[in-house]
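The values are calculated or read from the model by the stated rules, or taken from the named source; none is laboratory data. As the structure is a prediction and not an experimental result, all values here were calculated from the model. Please note: Cβ atoms are built from the backbone with ideal geometry, for glycine as well, and neighbour counts cover all protein chains shown. These accessible areas exclude ligands, DNA and RNA; they are computed on the full protein's heavy atoms, side chains included. Shrake-Rupley method; radii C 1.70, N 1.55, O 1.52, S 1.80 Å.
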Amino acid sequence: MSRIFRAVIMGPPGSGKGTISERIAHTFGLQHLSSGDFLRENIAARTEAGVLAKTYIEKGLLVPDHVMTRLLLPRLEEIARSSWLLDGFPRTLAQAQALNSACDLDVVISLNVPFETLKERLTHRWIHPASGRVYNMIFNPPHVKGLDDITGEPLIQHEDDKPEALVARLRHYKDVAKPVIDFYKSKGVLHTFSDTDTDHIWPHVSSLLGSKIPAPTPSVQPSPPH
Ligand SMILES: Nc1nc2c(ncn2[C@@H]2O[C@H](COP(=O)(O)OP(=O)(O)O)[C@@H](O)[C@H]2O)c(=O)[nH]1
Ligand SMILES: Nc1ncnc2c1ncn2[C@@H]1O[C@H](COP(=O)(O)OP(=O)(O)O)[C@@H](O)[C@H]1O
């Protein structure tokens, strides 16, 4: 049996974590767990954690650490036998320390994208809530304006991508991310990628992971990114 591979992808809101994670999941067959998607599922299902999380997300604030770790760590236990990629967690030093007590990471990918680029991208981001598919009205628009390509259902904009919540979110991210980045740097697992374009970052991420991830078993055929 091949070795389990564990990776985290970090970066400010809009830095392309979701987009790159999807490519990684397709290319390398890792399970992709997005904290934002997981929170939205909990909000939709009106779980106790979901109801609580909603009040913070709407204000552009981070969900408290104890809520996040209590949600995410059991989920990681459930998928402990697969290789995975965590997207959006950990976001604070306390979360990174909690994760560190649960498992060792092979790679941490940090996306470094300029502030103006982030603002521009997020105000054009629309999603299909049922599947979590992400569109950008400029970078990757849907075939039909306002509708999901696969289901034809309407796309929506996240409350937290609207301008009021956005600036607070970006500012907050910077403050809390620095100690997390330093933590992973000191552990020797941090790889930082700086650019304004996901398509420029992706080949470097792909080649890094290609050099570290054991070849997939024949039953898991990688498909090309889209
Ligand atoms: N213009 C442009 N938009 C991008 C690029 N990469 C991703 N996006 C879009 O920017 C938005 C944020 O990307 P996403 O992957 O959701 O970022 P996350 O918040 O870090 O998970 C989405 O609408 C993406 O489709 C890029 O290189 N250029
Ligand atoms: N690890 C986390 N810790 C605290 N809050 C989180 C975490 N992950 C997600 N959130 C909350 O959920 C919101 C949406 O997360 P996400 O979909 O990852 O969007 P983005 O990357 O655009 O911020 C965040 O703005 C934050 O309020």
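Applying the selection to the range 132-158, what residues are over 17 Å from residue 16 (Cα atoms), surrounded by fewer than 18 Cβ atoms within 10 Å (Cβ to Cβ) and in contact with a Gly (Cβ under 9 Å, 6 or more places away or on another chain)? Steps first, answer last, please.
Of the range 132-158, the ones over 17 Å from residue 16 (Cα atoms) are 142-156.
This time we only want the ones that are surrounded by fewer than 18 Cβ atoms within 10 Å (Cβ to Cβ), so: 143-147, 149-154, 156.
Within the range 132-158, 144, 154 qualify.
Of the conditions (1) more than 10 Å from ligand 2 (Cβ to nearest atom); (2) under 18 Å from residue 179 (Cα atoms); (3) of a type in the set (Phe, Trp, Tyr), residue 126 clears all except one; give me its number.
Here residue 126 meets the rest and fails (2).
Every residue in the range 129-164 that is basic (Lys, Arg) and away from ligand 2 (no atom under 16 Å from the Cβ), please.
Taking the range 129-164 and keeping what is basic (Lys, Arg), we get 133, 145, 162.
Correct list: 145 only.
Residue 165: modelled with pLDDT under 85 and under 26 Å from residue 28 (Cβ atoms), yes or no? Steps first, please.
Details: modelled with pLDDT under 85: yes; under 26 Å from residue 28 (Cβ atoms): no.
The answer is no for residue 165.
Output the number of the condition that residue 72 fails; it satisfies all remaining conditions of (1) open to solvent by 40 Å² or more (accessible area, probe 1.4 Å); (2) out of contact with any Asp or Glu (no Cβ under 9 Å at 6 or more places or on another chain).
(1)
Could you please find all residues in the range 1-55 being within 12 Å of ligand 1 (Cβ to nearest atom), in a helix (DSSP H, G or I) and hydroxyl-bearing (Ser, Thr, Tyr)? If you could, list the steps in order and put the result at the bottom.
First, the residues of the range 1-55 that are within 12 Å of ligand 1 (Cβ to nearest atom): 9-24, 32, 34-37.
Those still in the list that are in a helix (DSSP H, G or I) too: 17-24, 35-37.
Selection gives 19, 21, 35.
Could you pull out every one of the helices (runs of 4 or more DSSP H) wholly within the range 56-138 that has 3 or more residues that are within 12 Å of ligand 1 (Cβ to nearest atom) and either farther than 13 Å from residue 36 by Cα or at pLDDT 95 or above (or both)?
On the way: elements: 65-78, 93-102, 115-123.
In the range 56-138, the matching helices (runs of 4 or more DSSP H) lie at 115-123.
I'm trying to understand the selection: among the residues of the range 108-147, which are more than 20 Å from residue 166 (Cβ to Cβ) and touching a His at 6+ places or on another chain (Cβ under 6 Å)?
Matches in the range 108-147: 109 only.
Is it fair to say residue 6 is open to solvent by 30 Å² or more (accessible area, probe 1.4 Å) and within 13 Å of ligand 2 (Cβ to nearest atom)? Write out each step before concluding.
Working: open to solvent by 30 Å² or more (accessible area, probe 1.4 Å): yes; within 13 Å of ligand 2 (Cβ to nearest atom): no.
In short, no.
Output the number of the condition that residue 56 fails; it satisfies all remaining conditions of (1) near ligand 2 (Cβ under 10 Å from one of its atoms); (2) touching a helix residue (DSSP H, G or I) at 6+ places or on another chain (Cβ under 8 Å); (3) within 21 Å of residue 96 (Cα to Cα); (4) open to solvent by 60 Å² or more (accessible area, probe 1.4 Å).
That leaves (2) as the condition not met.
Looking at the range 24-43, which of the residues that are farther than 20 Å from residue 169 by Cα, within 16 Å of ligand 2 (Cβ to nearest atom) and touching a residue at least 40 places away in the same chain (Cβ under 8 Å) is least open to solvent (accessible area, probe 1.4 Å)? Quick ask: steps written out before the conclusion?
Taking the range 24-43 as the starting set, the residues that turn out to be farther than 20 Å from residue 169 by Cα are 24-33, 41-42.
Filter once more, so that each one left must be within 16 Å of ligand 2 (Cβ to nearest atom): 24-25, 32-33, 41-42.
With touching a residue at least 40 places away in the same chain (Cβ under 8 Å) added as a condition, the list becomes 24-25, 32-33.
Numbers: 24: 0, 25: 28, 32: 68, 33: 15 Å².
My answer is 24.
For residue 113, are the conditions met, namely being farther than 12 Å from residue 14 by Cα, crowded, with 16+ Cβ neighbours inside 10 Å and either away from ligand 2 (no atom under 12 Å from the Cβ) or under 16 Å from the mean Cα position of the chain (by Cα) (or both)?
Details: farther than 12 Å from residue 14 by Cα: no; crowded, with 16+ Cβ neighbours inside 10 Å: yes; either away from ligand 2 (no atom under 12 Å from the Cβ) or under 16 Å from the mean Cα position of the chain (by Cα) (or both): yes.
In short, no.
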